[in-house]
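**Q** First the structure, then my questions, so here it is.
Every read-out reported here was derived from the displayed coordinates using simple, explicitly stated rules and does not represent laboratory data. Quick caveat, the model's predicted, so the values are computed rather than measured. Positions of Cβ are generated from backbone atoms using ideal geometry, with glycine treated the same way; all protein chains shown enter the neighbour counts.
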Amino acid sequence: MEFEPVIGLEIHIELNCATKLFCDCPNNPGDEANANTCPTCLWFPGAAPRLSEQALEKAALLCLGLGAELQPRSAFDQKVYYYPDLPKGFQLSQAHLPLSRGGGIEILDEDGEPRRFRIHHIHMEEDVAKLVHEMDGRLPVSLVDFNRAGAPLVEIVTEPDFRSAHQAMEFLKVLRTQVRYVGASECSMETGTMRVDANISIRPKGTDQMNTKVEVKNMNSIRHVGDAIAYEIERQSAAVGADEAVVLHTRLWDPDKRVTVSMRGKFEGPCVPDPSVPVIELSPEWIEGIRARLPEMPAVRAERLTREHGLSADEAGMLSTDPEVAGYFEALMGAGVAAKPGLHWLTTQLLPAVKERQQELGETPVTPLRFAELLQLLAKDSINANTAREVLGEMFESAAGAAEIVAARGYAQISDRAELERVVAEVVAAQPGAVADFRSGQGKALGFLIGQVMQASGGKANPKVVRELLVGLLG
Ligand SMILES: [Zn+2]
């Protein structure tokens, strides 16, 4: 019998707010353990949680960015469970009246066709504390860090629409881009600001029955999500094939062994309305105010980049996945750089150089205006590509402009034919072997001779002119 998987995703996203969800403590989980705490987020009895306006706005922006419908009325519930990372015994979450319903994302399916995957709802909740397991001498100890307790989260719950690991991975990539666009979160699976649980079940292909699902957690990259889903599909198919029942439970992905392993479940109790946090009522005016703050979303931007700058759909799509990169590219265009060389130099030279120096594109000293000056020298043939790469390296260290560096270092490209003719003649005289090879039809010899002329000119010769001169002289 052939099986097909039925997959739904639950995605937790930590909002990049300045403070926590219900108090004014800094939302910096990475600070010294328990530095960012107060009676509210330590969950002392009697503490009065007060919903952060910024968290509500960012969550609402995220919902609208994903095409969801904000609900006029939403409320918090107490999700009861007990665990050392939640000593108050319940988590404030929106179980019954979520912030938004509906929404979805269009991705390209395996066959290249656009296909929409639906979101069931999006709700807000508080994060729990972090458990740290250490050794105190020979004694294992578990410590609790409350910096993360009460951090603002949203949870995006999809419909069980996915039928392959590929679809789930593509969905997550587009989702991450869209959330970054609205500025609600960095969405890093590595650092835990985006966490994904996958609910996976299988059924005979072509039927619409819903079978017992297994929840898989602990993936810290989108690739791991795909690997874990693929593994789980195989595992469940084998179990059903051997007449074993699939039982409802949670499994953890082990990235080293590349398997999912069964995990003991936490006790999960009921969900009851919380009396302490007021019901959230959103007026149509407030919702429209948030909608007005939505930026141009990636698909729309990609379409515009194609139209305005003649990029291919692939180029524009790739560029638009990162708002910072797309913004940098548009600033280059604004400074008069041509689209194709601008894109090429941005992606193959500048971005790797910025990454190598562990800088952020928004903070690099090589601003779009400075980079544009360099690319214009290149476009005018004032310098060659090799020199441009060298000048770029120097621009990271110095505040001087590209033209200034070129002048100070005597990097200007030699395009003067008379001067180059002299160097070419010298090289031709000194390399009779390569000249003979070229004349006998060995194309490689031309490259060698160009290289020799470049070297003799201190790297400053215009390679196009050198090629012309050599071919003219020897041809
Ligand atoms: Zn606090």
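**Q** So if we plug the beta-carbon distance of GLU244 and ARG118 into 1/(1 + (r/R0)^6) with R0 = 30 Å, what FRET efficiency do we get, rounded to 0.05?
**A** 0.40
**Q** Around THR19, which amide H atoms from residues at least 5 apart in sequence, or from another chain, sit under 5 Å from its own amide H, with H modelled in the peptide plane?
**A** ASN27
**Q** Right, here's the next one. Can you name the helices of the chain, as whole DSSP H runs, whose Cα span along the helix axis is 15 Å or more and whose Kyte-Doolittle mean is not below -0.5?
**A** Helix filter hits for the chain: 53-65, 165-181, 222-241, 323-334, 368-379, 385-397, 417-430, 444-456, 463-474.
**Q** Taking other Cβ within 10 Å of each residue's Cβ, how do TYR411, TYR82 sort, fewest first? Please report the intermediate quantities before stating the final value.
**A** Working: TYR411 22, TYR82 13.
Taking fewest neighbouring Cβ atoms as first place, the list is TYR82, TYR411.
**Q** Counting alpha carbon pairs within less than 8 Å and at least 6 residues apart, what relative contact order, in whole percent, applies to the stretch 417-474? Provide the component values of the computation, followed by the final result.
**A** Working: 40 pairs, mean separation 22.4, N = 58.
Once normalised by length, the contact order is 39 percent.
**Q** If Lys and Arg each add +1 and Asp and Glu each add -1, what is the summed charge of the other residues whose beta carbon sits under 12 Å from the beta carbon of LEU62? Intermediate results must be reported in sequence, preceding the final value.
**A** Working: positive: LYS58, ARG176, ARG180, ARG293; negative: GLU14, GLU57, GLU155.
Residues near LEU62 contribute +1 overall.
**Q** Ordered by residue, what ³J(HN,Hα) values in Hz, to whole numbers, does the stretch 142-151 give under the Karplus form 6.51 cos²θ - 1.76 cosθ + 1.60, where θ = phi - 60° and Gly and Pro are x?
**A** 10, 10, 10, 10, 8, 4, 8, 5, x, 5
**Q** Now, a different point. Tabulate in residue order the Karplus-calculated ³J(HN,Hα) for the stretch 108-116, using 6.51 cos²θ - 1.76 cosθ + 1.60 with θ = phi - 60°, rounded to whole Hz; enter x for Gly and Pro.
**A** 8, 6, 3, 8, x, 8, x, 8, 9
**Q** Which links in LYS88/LYS257; LYS58/LYS173; LYS58/LYS340; LYS130/LYS205; LYS20/LYS217; LYS79/LYS257 stretch past 31 Å when you go from one Cα to the other?
**A** Numbers: LYS88/LYS257 36 Å; LYS58/LYS173 20 Å; LYS58/LYS340 36 Å; LYS130/LYS205 41 Å; LYS20/LYS217 24 Å; LYS79/LYS257 34 Å.
Cα-Cα > 31 Å for LYS88/LYS257; LYS58/LYS340; LYS130/LYS205; LYS79/LYS257; rest within.
**Q** Treating only the Cβ of Lys, Arg, Asp and Glu as charged (+1, +1, -1, -1), what charge dipole size does the stretch 68-216 show about its Cα centre? Round to the nearest 20 debye. Before the final figure, lay out each step's value.
**A** On the way: 18 positive and 23 negative charges, 47 e Å.
Using only the charged Cβ atoms, the result is roughly 220 debye.
**Q** Starting from the Cα of ASN34, step 7 Å toward the Cβ, then list every residue of the stretch 89-108 with an amide N under 15 Å from that point.
**A** Answer for the stretch 89-108: none.
**Q** Compute the distance from the alpha-carbon center of the stretch 447-461 to that of the stretch 9-36, in whole Å.
**A** Cα centres, the stretch 447-461 to the stretch 9-36: 57 Å.
**Q** Summing +1 for each Lys or Arg and -1 for each Asp or Glu, what net charge is found among the other residues whose Cβ lies under 13 Å from the Cβ of ALA331? If you can, show how the numbers build up before the last one.
**A** Working: positive: ARG370; negative: GLU324, GLU330, GLU373.
Net of charged neighbours comes to -2.
**Q** Right, another one. Going by average Cβ neighbours within 10 Å, how do the peptides 356-362, 194-200 rank, with the highest at the top? Write out the running numbers ahead of the final one.
**A** Details: 356-362: 11.1, 194-200: 22.9.
So the order, starting with the most tightly packed, is 194-200, 356-362.
**Q** In straight Cα distance, which aspartates and glutamates are under 17 Å from LYS464, not counting same-chain residues fewer than 8 positions off?
**A** Within reach: ASP381, ASP416, GLU419, GLU421.
**Q** Can you classify the chain as rounded, prolate or oblate using the Cα gyration tensor, where a ≥ b ≥ c are the square roots of its eigenvalues, rounded means a/c under 1.5, and otherwise it's prolate if a/b beats b/c and oblate if not?
**A** Judged from the Cα gyration tensor, the chain comes out prolate (a/c at least 1.5, a/b above b/c).
**Q** Pairs of Cα atoms under 8 Å, at least six residues apart: use those to get the relative contact order of the chain, whole percent. Please report the intermediate quantities before stating the final value.
**A** Details: 834 pairs, mean separation 66.7, N = 475.
Here the relative contact order equals 14 percent.
**Q** With a Förster radius of 45 Å, plug the Cβ-Cβ distance of GLU106 and ARG467 into 1/(1 + (r/R0)^6) and report the FRET value to the nearest 0.05. List each step's numbers first, then the result.
**A** Details: r = 47 Å, r/R0 = 1.05.
Efficiency for this residue pair is about 0.45.
**Q** Another question, if that's okay. Can you tell me, using C-alpha contacts under 8 Å and at least 6 residues apart, the relative contact order of the stretch 3-287 as a whole percent? Please report the intermediate quantities before stating the final value.
**A** Values: 645 pairs, mean separation 71.9, N = 285.
So the answer I get is 25 percent.
**Q** Determine, for each peptide in 418-431, 381-394, the mean count of other beta carbons within 10 angstrom over its residues, then list the peptides with the highest first. List each step's numbers first, then the result.
**A** Working: 418-431: 15.4, 381-394: 18.0.
Result, highest mean Cβ count within 10 Å first: 381-394, 418-431.
**Q** Applying 1/(1 + (r/R0)^6) with R0 = 30 Å to the Cβ-Cβ distance of GLN376 and GLN54, what FRET efficiency is obtained, to the nearest 0.05? Walk me through the intermediate numbers first.
**A** Working: r = 42 Å, r/R0 = 1.40.
Result of the calculation: an efficiency of 0.10.
**Q** Among THR306, ILE287, ALA456, whose Cα sits farthest toward the positive end of the charge dipole of the chain (+1 at Cβ of Lys/Arg, -1 at Cβ of Asp/Glu, about the Cα centre)?
**A** Value computed over the given set: ALA456.
**Q** Show the residues, 5+ positions off or on another chain, whose built amide H is closer than 5 Å to the amide H of LEU143.
**A** Under 5 Å from the amide H of LEU143 lie the amide H atoms of VAL132, HIS133, GLU134, each far enough along the sequence or on another chain.
**Q** Moving on. I'd like the trypsin sites (Lys or Arg not before Pro) in the stretch 203-271 restricted to DSSP loop residues with at most 14 other Cβ atoms within 10 Å, sorted by number. Mind dumping the intermediate values first?
**A** Values: sites: LYS205, LYS213, LYS217, ARG223, ARG235, ARG251, LYS257, ARG258, ARG264, LYS266; in loops: LYS205, LYS213, LYS257, ARG258, ARG264, LYS266.
Hits after loop and neighbour filter: LYS205, LYS257, ARG258, ARG264, LYS266.
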